[in-house]
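Colleague: Attaching a single structure in structure tokens format; questions to follow.
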Amino acid sequence: MGCVLSSPRRSRRTPGYEEPTVLASQTSFTVNEVEALYELYKKLSYSIFKDGLIHKEFRLALFRTSKGANLFADRVFDLFDLKRNGVIEFGEFVRSLSIFHPKAPESDKTAFAFKLYDLRGTGYIEKEELREMVVALLDESDLCLSDSAVEEIVDNTFSQADSNGDDRIDPKEWEEFVKKNPASLRNMSLP
């Protein structure tokens, strides 16, 4: 008499998959939100390469642009790539997106925004970094401002944030700037 061994049916998971209950316990998301994010992640991770990982080319899917290099998209990718291995796995995706959850602490949002602008990772935001990011954000939004208007934004930000006058903004100065200008974090929460 023949015997048929059946293995439990396994759903195919992407590389770096982590259980929603674990991710929910470590982030601001609920289990249901993590499960919904997994569906989004699968769409993004299979949109360019069919390997279940988000590569830097994700900007084509996420930002719907083929303009080539995009400082903002590249910077977000770099901050989401927590393992620094050139791809974003599901766990990294959820942990990073948690910063944008409405219930995420404002201090986490402030720190993430600081890292976003600290392009060279020096622990300070310098005028050139701010200028580069402002131009990239305007470009991403298809807004065009004159060079003098961009300079005015940069100079105004520095006059408010650089309280010790050393031509760079440190994390404490950034924190104080954000407290006085809460609109600077308005894009740090997803609906």
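The values are calculated or read from the model by the stated rules, or taken from the named source; none is laboratory data. Quantities reported herein were computed from a predicted structural model and do not represent experimental measurements. Every residue, glycine as well, gets a Cβ built from its backbone with ideal geometry; the counts of neighbours run over all protein chains shown. These accessible areas exclude ligands, DNA and RNA; they are computed on the full protein's heavy atoms, side chains included. Shrake-Rupley method; radii C 1.70, N 1.55, O 1.52, S 1.80 Å.
Colleague: Can you tell me which residue within region 139-150, out of those that are small (Gly, Ala, Ser) and either over 19 Å from the mean Cα position of the chain (by Cα) or farther than 16 Å from ASN70 by Cβ (or both), is least open to solvent (accessible area, probe 1.4 Å)?
Modeller: Only one residue fits best here, namely ALA149.
Colleague: Kindly check whether there is at least one residue in region 153-162 that is in contact with a Leu (Cβ under 9 Å, 6 or more places away or on another chain), polar (S, T, N, Q) and more than 30 Å from THR30 (Cα to Cα).
Modeller: Within region 153-162, one or more residues are in contact with a Leu (Cβ under 9 Å, 6 or more places away or on another chain), polar (S, T, N, Q) and more than 30 Å from THR30 (Cα to Cα).
Colleague: For region 90-138, give me the residue count where each residue is touching a residue at least 40 places away in the same chain (Cβ under 8 Å), under 17 Å from ARG168 (Cα atoms) and open to solvent by less than 10 Å² (accessible area, probe 1.4 Å).
Modeller: Residues that pass the stated criteria total 3.
Colleague: Let me ask something else. Sort out which residues of region 123-162 are assigned to a loop (DSSP other than H, G, I, E, B) and either at pLDDT 95 or above or under 17 Å from ARG75 (Cβ atoms) (or both), and write them in order of number.
Modeller: Within region 123-162, GLY123, TYR124, SER141, ASP162 meet the criteria.
Colleague: Test LYS179 against the stated conditions and say whether it is on the phi < 0 side of the Ramachandran plot, touching a helix residue (DSSP H, G or I) at 6+ places or on another chain (Cβ under 9 Å), free of Cβ contacts under 8 Å to residues at least 12 places away in the same chain and surrounded by fewer than 16 Cβ atoms within 10 Å (Cβ to Cβ). So that I can check it myself, show each step before the final result.
Modeller: Numbers: on the phi < 0 side of the Ramachandran plot: yes; touching a helix residue (DSSP H, G or I) at 6+ places or on another chain (Cβ under 9 Å): yes; free of Cβ contacts under 8 Å to residues at least 12 places away in the same chain: yes; surrounded by fewer than 16 Cβ atoms within 10 Å (Cβ to Cβ): yes.
Spelling it out, LYS179 is indeed on the phi < 0 side of the Ramachandran plot, touching a helix residue (DSSP H, G or I) at 6+ places or on another chain (Cβ under 9 Å), free of Cβ contacts under 8 Å to residues at least 12 places away in the same chain and surrounded by fewer than 16 Cβ atoms within 10 Å (Cβ to Cβ).
Colleague: Does any residue in region 18-33 that is among the charged types (D, E, K, R) come within less than 7 Å, Cβ to Cβ, of a residue that is part of a helix (DSSP H, G or I) six or more places away or on a different chain, and which pairs are these?
Modeller: Here the result reads GLU18/PHE90; GLU18/GLY91, each pair linking region 18-33 to a residue that is part of a helix (DSSP H, G or I).
Listed here are the residues, each with its yes/no results for (1) in a helix (DSSP H, G or I); (2) at pLDDT below 95.
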| position | (1), (2) |
| --- | --- |
| TYR17 | no, yes |
| GLU33 | yes, no |
| GLU39 | yes, yes |
| LYS42 | yes, yes |
| PHE49 | no, yes |
| GLY52 | no, yes |
| ASP78 | yes, yes |
| ARG84 | no, yes |
| THR110 | yes, no |
